[in-house]
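J.: Below is the structure I would like to discuss, written out as structure tokens.
The values are calculated or read from the model by the stated rules, or taken from the named source; none is laboratory data. The shown structure was predicted, so the numbers you read here are calculated from the model rather than taken from an experiment. Backbone-built Cβ (ideal geometry, glycine too); neighbour counts: all protein chains shown.
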Amino acid sequence: MIRFDSVSKRYPGGKEALSRVSFELKAGEMTFLTGHSGAGKSTLMKMIILMERPSQGQVFINGTNLNRVKPAQIPAIRRNVGVVFQNHQLLFDRTVFDNVALPLIIAGFKAREVGRRVRAALSKVGLSGTEKQYPITLSGGEQQRVGIARAVVNKPAVLLADEPTGNLDPELSREIMSLFLEFNQVGVTTMIATHDLALVEKMNKRELVLEHGSLKAAE
Amino acid sequence: MNRAKSSGATASVTGFSARTSSALSHHMVVARESLASLLATPGASVMTWLVIGIALALPAFLYLMLVNVGEVSQGWEGKPRISLYLREGTSVIEGNRLTLELQQKEDVMSAIFISPDQALVEFQRLSGFGDVLNTLDNNPLPGVIEIESANRDLVALRLQAKGLAERAEVDTVELDLEWLERLMAMLSFAQRLVAALGFVLALGVLLVIGNTTRLAIENRRSEIEIIKLVGGTDSFVRRPFLYLGLWYGLGGAIFSWVLVQASLIFLADPVEVLAQSYHNDFSLTGLGPVMSLQILGGGVTLGIVGALLAVGRHLKEIEPR
């Protein structure tokens, strides 16, 4: 589903964020991406949704070589990848419903279908009844779950999460992780970047370790 | 809720007709939302509308004045007139005799004699200088014979006027066609001027709307980033700003229409009095349905184009980070 083929990224000024990273994620696989801050986790994830382009090497998603994707085709790729951010990236002047509905409205779903799917996604993350509230009235953990609902509402084939538990206490972190596990169990290819090594160990899933931009041989 | 998908590409595929109808309804939603956002800040919006309105009203009003002046001159076109001002001391009988004689001529369509007394009465009635005239001892106005010439050619007219000027009773001859020609030349010059002014002001409207749109884009930067992040196409991102431009343009056009109409109402009475003093039942031509539509259409077009320019320039710079 996701394949990195000797991918390097150099920023102007010579700093190398990734160097010759290669790996493959099969469809339906769940993996953790770990490493220190600045090890290149975010850069790697940004390449999957074309926020960054490799300086060298190739990234494939579902057989599509992202180097060959034209700007006009980027939206179609992104619609197929749900993304959860550490800082939520929610619209604070819109209700919870509108936030979660955004990917569906962009994809052109009818109002009835949008309502049905948004309520289903919110109930899945345990936020039923919050549709009319504004994100600011929710706790950090709840805001994160709104972000997750938005990431999965369009039923993407791939789910990426960049430090999704970064600001949460251990209890909430576990809840969020088990949520990702549930999505993975229904076939969503899932990749989670985190530095919460204790949690990763408990989950007992594949782990990719980045160190100064390189993938450590042992997985 | 999440059913496994064998291929992700099919995950968001919806029927074509469902998509078009929902795209249409999204247009309606965006149109309504962008109008609501304008009305949420009425002060700022009205200011922008007024600026656009004034910029559109000025050329529209000037153009309308040109149309009116053109219409006034139209009444005389093709009917060249020659006015014979008779010498002081020419009696009414002599004047009438000359008029009758001229009426027999082939190159005269009609000739009307206006005696000094008639002229005085008319002048008092229409000019508003009646009181001044009352203080004079004797009537300063000469007798006039108004001739409508059968000649259409300027050279022939000049010859005819010259011939008439040689008559003993005639003091001066005035050929109306000359000032008409000058008026036409001035009109075409004024038309160019109005067109140039209209162009410059339209450019101004474009800049106003472009700049306002740029600010709106800047205000919604984070929203644009998020929309792009979850797969919003450029046209989806662009849509609310184009509607914003449309509403700015339409609102400005409505303001300008009101401004022009108000000016016309303000001018109507004095113009009527003026026209009457020229024996003319002329009244100002207003904004007809065609010109009204032109103003509205022009405003909307400028609005959308201005927004397009701003969006094209600034939306590319905003990419999710």
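J.: Mind checking which residues of segment A:193-215 are polar (S, T, N, Q) and free of Cβ contacts under 8 Å to residues at least 24 places away in the same chain?
T.: Result: A:N204, single match.
J.: Between B:S73, B:S12, which is at pLDDT below 85 and assigned to a loop (DSSP other than H, G, I, E, B)?
T.: After applying the criteria, what remains is B:S12.
J.: Only helices (runs of 4 or more DSSP H) wholly contained in segment B:221-321 count here; list those with 3 or more residues that are within 23 Å of B:G70 (Cα to Cα).
T.: Answer list for segment B:221-321: B:234-277, B:289-314.
J.: Is it the case that A:D196 is more than 14 Å from chain B (Cβ to nearest Cβ), out of contact with any Gly (no Cβ under 7 Å at 6 or more places or on another chain), surrounded by fewer than 17 Cβ atoms within 10 Å (Cβ to Cβ) and among the charged types (D, E, K, R)?
T.: no
J.: Also, quick follow-up: Quick one: count up the residues across segment A:80-126 that are in contact with an Asp or Glu (Cβ under 6 Å, 6 or more places away or on another chain) and either within 8 Å of another protein chain (Cβ to nearest Cβ) or crowded, with 21+ Cβ neighbours inside 10 Å (or both).
T.: 3
J.: Also, I was wondering about something else. Could you list, in sequence order, all residues of segment B:82-136 that are within 24 Å of B:L159 (Cβ to Cβ) and among the charged types (D, E, K, R)?
T.: B:R87, B:R97, B:E101, B:K105, B:E106, B:D107
J.: Being aliphatic (A, V, I, L, M), touching a residue at least 24 places away in the same chain (Cβ under 8 Å) and in contact with a strand residue (DSSP E or B) (Cβ under 6 Å, 6 or more places away or on another chain) is true for just one of B:A119, B:A150. Which residue is that?
T.: On inspection, the qualifying residue turns out to be B:A150.
J.: Let me ask you something else. Of the residues that sit in segment B:124-179 and are touching a helix residue (DSSP H, G or I) at 6+ places or on another chain (Cβ under 9 Å), of a type in the set (A, V, I, L, M) and closer than 11 Å to B:S83 by Cβ, which one is modelled with the lowest pLDDT?
T.: So the residue we want is B:L175.
J.: How do the strands (runs of 3 or more DSSP E) wholly within segment B:79-166 filter down when requiring 1 or more residues that are under 30 Å from B:P270 (Cα atoms) and of a type in the set (S, T, Y): which remain?
T.: B:81-86
J.: Over 22 Å from A:L25 (Cβ atoms) and touching a Pro at 6+ places or on another chain (Cβ under 8 Å): which single residue out of A:V118, A:V146 fits that description?
T.: So the residue among A:V118, A:V146 that is over 22 Å from A:L25 (Cβ atoms) and touching a Pro at 6+ places or on another chain (Cβ under 8 Å) is A:V146.
J.: Would you mind finding the one in B:L293, B:L229, B:L274 that is under 30 Å from A:A107 (Cα atoms) and either touching a residue at least 40 places away in the same chain (Cβ under 8 Å) or among the hydrophobic types (A, V, I, L, M, F, W, C) (or both)?
T.: The conditions single out B:L229.
J.: Looking only at residues that are aliphatic (A, V, I, L, M), part of a loop (DSSP other than H, G, I, E, B) and buried (at least 16 other Cβ atoms within 10 Å of the Cβ) in segment A:135-189, which one is nearest to the other protein chains (Cβ to nearest Cβ)?
T.: By that ranking, first place goes to A:A157.
J.: Then there's this: How many of the residues making up segment B:122-147 are touching a residue at least 60 places away in the same chain (Cβ under 8 Å) and out of contact with any Leu (no Cβ under 9 Å at 6 or more places or on another chain)?
T.: Summing the residues that are touching a residue at least 60 places away in the same chain (Cβ under 8 Å) and out of contact with any Leu (no Cβ under 9 Å at 6 or more places or on another chain) in segment B:122-147 gives 1.
J.: One residue is enough: does segment B:243-263 have a residue meeting the conditions surrounded by fewer than 13 Cβ atoms within 10 Å (Cβ to Cβ) and within 21 Å of B:A36 (Cα to Cα)?
T.: Scanning segment B:243-263, I find no residue that is surrounded by fewer than 13 Cβ atoms within 10 Å (Cβ to Cβ) and within 21 Å of B:A36 (Cα to Cα), so the answer is no.
J.: Answer with yes or no whether B:E319 is of a type in the set (D, E), surrounded by fewer than 18 Cβ atoms within 10 Å (Cβ to Cβ) and under 29 Å from B:A31 (Cα atoms).
T.: yes
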